[in-house]
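The values are calculated or read from the model by the stated rules, or taken from the named source; none is laboratory data. No experiment lies behind these values; they were computed from the predicted model shown. Note: ideal-geometry Cβ built from the backbone for every residue, glycine included; neighbour counts use all protein chains shown.
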Amino acid sequence: MKYIAICAKGMEDISQKEIKEILTVDSKIVIPGRIMFESLDIETLKQKTQSIIKLYELKQQCHKLEEIKTFKIGEPFRVICSRKGAHTYTSADVAQQVGKLFYEEGYKVDLEDPRCIVFVDIVEEDIFVGIELTPKLLSKREYRIRTHNQSINACIAYGLVRLSTFDETKTLLDPFAKDGVIGIEAVLFKKGNVFGYDSLFHNVKNVEINSKLANIRKEVNTARIDIEWLDTKFKEGEVDCVVSAVPYPSKHVPENLIKKMYKELFHQLDYILSEKGKIVFIAPKVELLKEMNENLTIVEERNVSTSNLEYTVLIFKK
């Protein structure tokens with residue numbers, strides 16, 4: 001059977017790698033954020049994936065609503081539509097039009113408690129039609145009851161960890177832990193040395209609560225640490241991976257304060273980062289990060305997005 005995995009744009013390679021690891025099958029990117037593959041064991045992927053936002057069984061791919069055809073489904077059913085781009089129709093229009101096709105074939109409708117959900121996935125000019133396998137988004141983590149307004153999607157957090165080349169032999173640090181999603185996703189991936197520090201007590205408490213709900217409280221080392229004290233917590237060259245959603249200028253945080261913070265951050269990381277270590281930073285705005293960096297080399301830059309949120313990822317090394 002053919003399936004489509006929805007992932008964050010810019011993280012397709014991470015999802016492809018994960019699909020290969022879990023299912024030992026190849027996949028291909030059909031459009032940004034959409035990966036197609038074939039498998040007989042989709043349940044294993046649903047249970048183990050950390051990078052995939054949604055999965056559905058692919059039944060048809062086309063470019064016009066008029067080209068959509070019916071296929072065998074369970075009943076009662078309903079139709080839902082996810083739409084991105086500029087169109088002359090709404091998601092509700094699509095659901096009604098496609099639902100009518102199946103209804104006229106004799107299938108019973110139940111909008112409240114359907115046995116089968118027909119999923120219409122529209123991205124610009126591409127239309128994918130299939131059977132919904134994950135009504136609850138896979139990116140919604142049950143452990144995450146405490147959140148931060150500048151935190152990131154858990155699937156993106158996992159992707160950043162993979163970009164850092166973290167494994168069980170390495171030490172990973174998030175110096176701006178917020179709600180702990182990066183550290184938690186790192187531990188759920190590999191049981192290595194993971195540290196989630198933050199300068200605010202309530203953020204540290206959030207990390208503690210979320211990691212406890214993820215059943216990995218002891219594996220995520222957290223404490224209230226200001227960035228200027230990082231060199232007192234780690235030896236020279238001790239940290240292999242630094243992964244963080246860094247603070248950035250906003251209406252409430254002036255640019256000069258962020259500049260000062262970045263300068264100190266790079267000074268500290270230059271000391272604690274190992275010779276072959278990597279730093280992976282994500283933020284909506286990265287111009288100041290580039291400006292304040294003096295000694296590290298930017299080895300990769302990529303744009304990442306999910307829903308209406310857009311970020312830039314910078315990867316540094318010595």
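Data table
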read-out: Within the range 286-297, considering residues that are surrounded by 14 or more Cβ atoms within 10 Å (Cβ to Cβ) and touching a strand residue (DSSP E or B) at 6+ places or on another chain (Cβ under 9 Å), the one nearest to ILE156 (Cα to Cα); value: VAL286
read-out: Residue match in the range 123-134 (condition: in contact with a His (Cβ under 7 Å, 6 or more places away or on another chain), crowded, with 20+ Cβ neighbours inside 10 Å, over 26 Å from VAL313 (Cα atoms) and modelled with pLDDT of 95 or more); value: yes
read-out: All positions within the range 269-282 that are buried (at least 21 other Cβ atoms within 10 Å of the Cβ) and either outside any helix (DSSP H, G or I) or of a type outside the set (A, V, I, L, M, F, W, C) (or both); value: LEU273, GLY277, LYS278, ILE279, VAL280, PHE281, ILE282
read-out: Selection status of TYR158, touching a residue at least 12 places away in the same chain (Cβ under 8 Å), within 19 Å of ALA283 (Cβ to Cβ) and in a strand (DSSP E or B); value: no
read-out: Within the range 184-198, tally of residues that are part of a helix (DSSP H, G or I) and in contact with a Phe, Trp or Tyr (Cβ under 7 Å, 6 or more places away or on another chain); value: 4
read-out: Any chance ALA177 is farther than 15 Å from VAL204 by Cα, in contact (Cβ under 8 Å) with a residue 12 or more places away in the chain, crowded, with 19+ Cβ neighbours inside 10 Å and not basic (Lys, Arg); value: no
read-out: Residue match in the range 6-21 (condition: aliphatic (A, V, I, L, M), on the phi < 0 side of the Ramachandran plot and loosely packed, with under 14 Cβ neighbours inside 10 Å); value: no
read-out: Identity of the residue in the range 200-217, under 20 Å from the mean Cα position of the chain (by Cα) and assigned to a helix (DSSP H, G or I), that ends up surrounded by the fewest Cβ atoms within 10 Å (Cβ to Cβ); value: LEU213
read-out: From TYR107, TYR143, TYR89, residue being aromatic (Phe, Trp, Tyr), closer than 30 Å to LEU172 by Cβ and in a loop (DSSP other than H, G, I, E, B); value: TYR143
read-out: Of residues in the range 135-162 being farther than 25 Å from ILE42 by Cα and aliphatic (A, V, I, L, M), the one surrounded by the fewest Cβ atoms within 10 Å (Cβ to Cβ); value: ILE145
read-out: Any hit, the range 238-255, residues being assigned to a helix (DSSP H, G or I), of a type outside the set (Asp, Glu) and exposed (fewer than 14 other Cβ atoms within 10 Å of the Cβ); value: no
read-out: Looking only at the range 288-308, and only at residues there that are out of contact with any Ser or Thr (no Cβ under 7 Å at 6 or more places or on another chain) and acidic (Asp, Glu), the one that is farthest from ASP270 (Cα to Cα); value: GLU300
read-out: Neighbours by Cβ (under 8 Å, 6+ apart or cross-chain): first from the range 88-107, surrounded by 11 or more Cβ atoms within 10 Å (Cβ to Cβ); second at pLDDT 95 or above and basic (Lys, Arg); value: THR90/ARG83; SER91/ARG83; VAL94/ARG83; ALA95/ARG78; GLY99/ARG78; LEU101/LYS69
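For every residue, the table says whether it meets (1) of a type outside the set (D, E, K, R); (2) in contact (Cβ under 8 Å) with a residue 40 or more places away in the chain; (3) in contact with a strand residue (DSSP E or B) (Cβ under 6 Å, 6 or more places away or on another chain).
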position	(1), (2), (3)
LEU163	yes, yes, yes
VAL181	yes, yes, no
VAL187	yes, no, yes
VAL204	yes, no, yes
ASN210	yes, yes, no
ASN221	yes, no, yes
LYS233	no, no, no
